[in-house]
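Engineer: Dropping a structure here in structure tokens format, bear with me for questions.
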Amino acid sequence: MVSRKHLKLFLIIALIFRVITTFCHDASIIEITKSGNFNTFTNYDRNQYYLDSSFINAALIVLKRYPELENIKIKYIKKNINTMMAARPVIGSTLKQMGKRKYKIITSTNPKNKSEKLFRQISINAYEGILSHEFAHILCYSKKTGVQLIFYSIAYPFKKRKIERETDQIAIDRGFGKELIEYNQFIITSNLVSKKYLKNKERNYLSIKEIEKIIYK
Ligand SMILES: [Zn+2]
């Protein structure tokens, strides 16, 4: 039988693993500067250029409505993750002063959710929709101290629905309600998106109807 001591140890290891995987550092591909310029790094090819240029265009439009993030460094990374896109602090800078912290937006290369193909078909409005959600996450992170961020990351799996719905609400407050709806319509009608991803969206995020209710009230 598993003793209480072992269970405690297991929980501590699981929490440490959770923090490390959340904030894990990767090689960046693009770094957007506040002037709208960007620097490119490794793994750069023609296909990625298409994806990257539409990302940059959408990101710059969205950033204009998040003036608080103007001086914050955000890196664009491609990585095999389970969701389409994610925003996280860069691990090495988590405990730095809030103004000096760096963040990353990760686009999935996971072959199961076919996100690379999907992002080649996405409209600029839908791209703005998903990015406005990711920048809303970064806005929340930017208001937290390093220690608060670590606890926030540990609590995330237990408060996922609340956090994700509040993040959608921030994006709507910044004027991206219609774009969020367009993103949702895009993924619902696409034959590239996995059922698992759609179920997760349905369970944890604002629905099209809920967003419509907010923006047309
Ligand atoms: Zn989110």
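Engineer: Need the failing condition index for Asn113 against (1) at pLDDT below 80; (2) more than 16 Å from the ligand (Cβ to nearest atom), just the number.
Structural biologist: Exception for Asn113: condition (2).
Engineer: Could you grab the pairs with beta carbons closer than 6 Å, sequence gap of 6+ or different chains, first residue in the stretch 180-206 and in contact (Cβ under 8 Å) with a residue 24 or more places away in the chain and under 13 Å from Ser115 (Cα atoms), second one more than 16 Å from the ligand (Cβ to nearest atom) and in a helix (DSSP H, G or I)?
Structural biologist: Leu192/Lys117; Leu192/Leu118
Engineer: Would you mind telling me which numbered condition in (1) more than 20 Å from Phe176 (Cα to Cα); (2) within 16 Å of the ligand (Cβ to nearest atom); (3) charged (D, E, K, R); (4) surrounded by fewer than 21 Cβ atoms within 10 Å (Cβ to Cβ) Lys104 fails?
Structural biologist: Single failed check for Lys104: (4).
Engineer: Another question about this same structure. Taking into account only those residues within the stretch 120-137 that are surrounded by fewer than 21 Cβ atoms within 10 Å (Cβ to Cβ) and outside any loop (DSSP other than H, G, I, E, B), which is modelled with the highest pLDDT?
Structural biologist: Asn125
Engineer: Considering only the stretch 60-70, state which residues are over 17 Å from Lys144 (Cβ atoms) and away from the ligand (no atom under 16 Å from the Cβ).
Structural biologist: First, pick out the residues of the stretch 60-70 that are over 17 Å from Lys144 (Cβ atoms): 60-65, 67, 70.
Leu60, Ile61, Leu63, Lys64, Arg65, Pro67, Glu70 - these are the residues of the stretch 60-70 that are over 17 Å from Lys144 (Cβ atoms) and away from the ligand (no atom under 16 Å from the Cβ).
Engineer: I would also like to ask the following. Kindly indicate whether Lys217 is in contact (Cβ under 8 Å) with a residue 40 or more places away in the chain, part of a loop (DSSP other than H, G, I, E, B), surrounded by fewer than 19 Cβ atoms within 10 Å (Cβ to Cβ) and among the charged types (D, E, K, R).
Structural biologist: So Lys217 fails the test.
Engineer: Find the residue count for the stretch 56-102, including only residues that are in contact (Cβ under 8 Å) with a residue 12 or more places away in the chain and more than 13 Å from the chain's Cα centre (by Cα).
Structural biologist: 25
Engineer: Just need a number here: residues in the stretch 82-126 that are hydroxyl-bearing (Ser, Thr, Tyr) and over 24 Å from Val147 (Cα atoms).
Structural biologist: 6
Engineer: Could you check the stretch 83-101 and list, in sequence order, the residues that are away from the ligand (no atom under 16 Å from the Cβ) and either assigned to a loop (DSSP other than H, G, I, E, B) or under 27 Å from Asn191 (Cβ atoms) (or both)?
Structural biologist: Initially, the stretch 83-101 is screened for residues away from the ligand (no atom under 16 Å from the Cβ), giving 90-101.
Answer for the stretch 83-101, where residues must be away from the ligand (no atom under 16 Å from the Cβ) and either assigned to a loop (DSSP other than H, G, I, E, B) or under 27 Å from Asn191 (Cβ atoms) (or both): Val90, Thr94, Leu95, Lys96, Gln97, Arg101.
Engineer: If you go through the stretch 193-210, how many residues are away from the ligand (no atom under 13 Å from the Cβ), hydrophobic (A, V, I, L, M, F, W, C) and outside any helix (DSSP H, G or I)?
Structural biologist: 1
Engineer: Turning to a different aspect of this structure: Is there any pair linking a residue in the stretch 136-151 that is away from the ligand (no atom under 12 Å from the Cβ) to one that is aliphatic (A, V, I, L, M) and part of a loop (DSSP other than H, G, I, E, B), with Cβ under 9 Å and at least six apart or on different chains, and which?
Structural biologist: Ser142/Ile72; Thr145/Leu95; Gly146/Leu95; Val147/Leu95; Leu149/Leu95; Ile150/Leu95
Engineer: Restricting to the stretch 167-192, name every residue that is within 16 Å of the ligand (Cβ to nearest atom) and either outside any helix (DSSP H, G or I) or exposed (fewer than 14 other Cβ atoms within 10 Å of the Cβ) (or both).
Structural biologist: Asp173, Arg174, Phe176
The values are calculated or read from the model by the stated rules, or taken from the named source; none is laboratory data. All values derive from a computational prediction rather than experimental measurement. So basically every Cβ, Gly included, is an ideal-geometry build from the backbone, and we count neighbours across all protein chains shown.
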